[in-house]
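The values are calculated or read from the model by the stated rules, or taken from the named source; none is laboratory data. Because the structure is a prediction, the values reported are computed rather than measured. Don't worry about glycine lacking a Cβ; one is built from the backbone with ideal geometry, like all the others, and counts go over all protein chains shown. Please note that ligands, DNA and RNA were not included when accessible areas were found on the heavy atoms of the full protein model with its side chains. Shrake-Rupley method; radii C 1.70, N 1.55, O 1.52, S 1.80 Å.
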Amino acid sequence: MSVIASQLASFWRSQNEQWPFLREHVKALDQLELSSIPFPGFSIRVQFNPARIISSGAKIDKASLEKRPCFLCVSNRPAEQEILELLPGYDVLCNPFPIFHGHLTIPSKSHQLQSIQGKMGDMLRLCELLSDYELFYNGPECGASAPDHFHFQAAPSKVMPLFGDLDQRTLVRLLYTSKALTVSYAPHYLRSAILLEARDPQSIVEAFELYYDLQARLQPTHVEPMFNLLARNQSGLYSLVIFPRKAHRPSFYYETEEKQILLSPGAVDMGGLLVISRREDLSKITSEVVRRMFDEISLHDLSLLHAYRELLLRENR
Ligand SMILES: [Zn+2]
């Protein structure tokens, strides 16, 4: 066990002992109902997790945000919540509304907007430190329930199907390759996904910044191009998956009564683990609904991929 892994294990142990609210939610994880929906070459998992209503039902409009105290600011956190120091500028916290065992929230120490610009290097550094974890980022309009306070989250490896799916390589097609960087995409994965891989984190940082500007030009009215990000470091190889988005929530989220499904997708859902917080929605999640959801929220844009390839060739990253 690495130093950090054992540090994390004792951090969870002591937080579980001292914080009954967390302990209760962690315990509940073992009772969650899980199902799986097969698609050609991969599956989507569905988890019924009633505690997550806090996130799927979150109101993130400006007025609602201004009315509530920011739960990621240190002064408003529960008294029992402790900090693990791992990277300067960030607090590593146990998520009191976990989707899986070991679910971490990693907010910046200062209250600043959710914006990934200039922070990809931090995300990859955290991947290196948390080598048995996958780091994820929800854009301010793509599932972040605190778009007013910058934060990453982390999940133990493979709790989401994503990297297991992509590691098989049958789902990915090469878009661009150089000595330092490989860029691929997944054309038959329901949701649009772009995979960046490199041994040198700076190659990913630079290639991500190029991508960011391209998508920002397509979505000029948004505070940030809409996407979810998932990253890991495995044996020195950094992987970053970008899930380009065009909508915050699928249309059925806004329906009423029978037609409504309270599914508000973030990085975990894009990673292949759909989180449902109301029991009545469980039977409504069919393969057809999953397809429709990804169609409605995912940005499928071949010309964006072509433009990205051209740009990478020109810059020769
Ligand atoms: Zn805050």
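Can you tell me the relative contact order of the stretch 107-263? Whole percent, Cα pairs under 8 Å, sequence separation 6 or more. So the answer I get is 24 percent. With viscosity set to 0.890 mPa s and temperature to 25 °C, compute the Stokes-Einstein D of the chain, Rh being the Kirkwood radius across alpha carbon pairs; µm²/s, no decimals. Result for D is 122 µm²/s. Expressed per residue, the C-alpha convex hull volume of the stretch 194-288 stands at 123 Å³. Over the stretch 1-88, what percent of the accessible surface lies on carbon and sulfur atoms, probe 1.4 Å? Carbon-and-sulfur percentage of accessible area, whole number: 59. When SER239, SER6 are compared by accessible area at a 1.4 angstrom probe, the order from most to least is SER6, SER239. Checking the Cα-Cα distances for LYS62/LYS246; LYS119/LYS179; LYS109/LYS179 against a 31 Å cut-off, the pairs over it are LYS109/LYS179. When all alpha-carbon pairs of the stretch 146-197 are counted, what percent fall beyond 15 Å? Result: 58 percent of Cα pairs exceed 15 Å. Size descriptors for the stretch 1-153, from the alpha-carbon set: Rg then Dmax equal 16.1, 48 Å. Of the residues ALA154, ALA231, ALA186, the one that moves most in a GNM of the chain with alpha-carbon contacts below 10 Å is ALA186. Take every Cα pair under 8 Å whose residues are at least 6 apart in sequence, average their separation, divide by the length of the stretch 3-315, and the relative contact order is 19 percent.
Among the chymotrypsin sites (Phe, Trp or Tyr not before Pro) within the stretch 74-175, not one is in coil by DSSP while having at most 10 neighbouring Cβ atoms inside 10 Å. Considering only SER287, SER36, TYR253, whose Cα is most displaced toward the positive end of the charge dipole of the chain, charges sitting on Cβ of Lys, Arg (+1) and Asp, Glu (-1)? Positive-end residue among those listed: SER287.
Remark on the chain: CYS94, CYS127, CYS142 stand apart, with no other cysteine beta carbon under 4.7 Å. In the context of the full set of protein chains, the stretch 179-317 has a per residue accessible area of 43 Å² (1.4 Å probe). For GLU134, the residues whose modelled amide H falls within less than 5 Å of its own, excluding neighbours fewer than 5 places apart on the same chain, are ALA155, SER157. The stretch between GLU310 and ASN16, if pulled fully straight at 0.36 nm per residue, gains 100.8 nm over its current Cα-Cα span. Mean sequence separation of contacting Cα pairs (under 8 Å, at least six apart), scaled by the length of the stretch 112-152, corresponds to a relative contact order of 55 percent. A Cβ-based charge dipole, computed about the Cα centre of the chain with Lys and Arg at +1 and Asp and Glu at -1, lands at about 260 debye. Placing ASP269, ASP213 in order of accessible area, with the largest value first and a 1.4 Å probe, yields ASP213, ASP269.
If only the Cβ of Lys and Arg carry +1 and only the Cβ of Asp and Glu carry -1, the dipole of the stretch 1-87 around its Cα centre is close to 280 debye. Model label sites at HIS111 and ASP295, defined 7 Å from Cα along the beta-carbon direction, differ in position by 4.3 nm. Of all the options ASP165, ASP132, ASP200, the one that moves most in a Gaussian network model of the chain with Cα springs shorter than 10 angstrom is ASP200.
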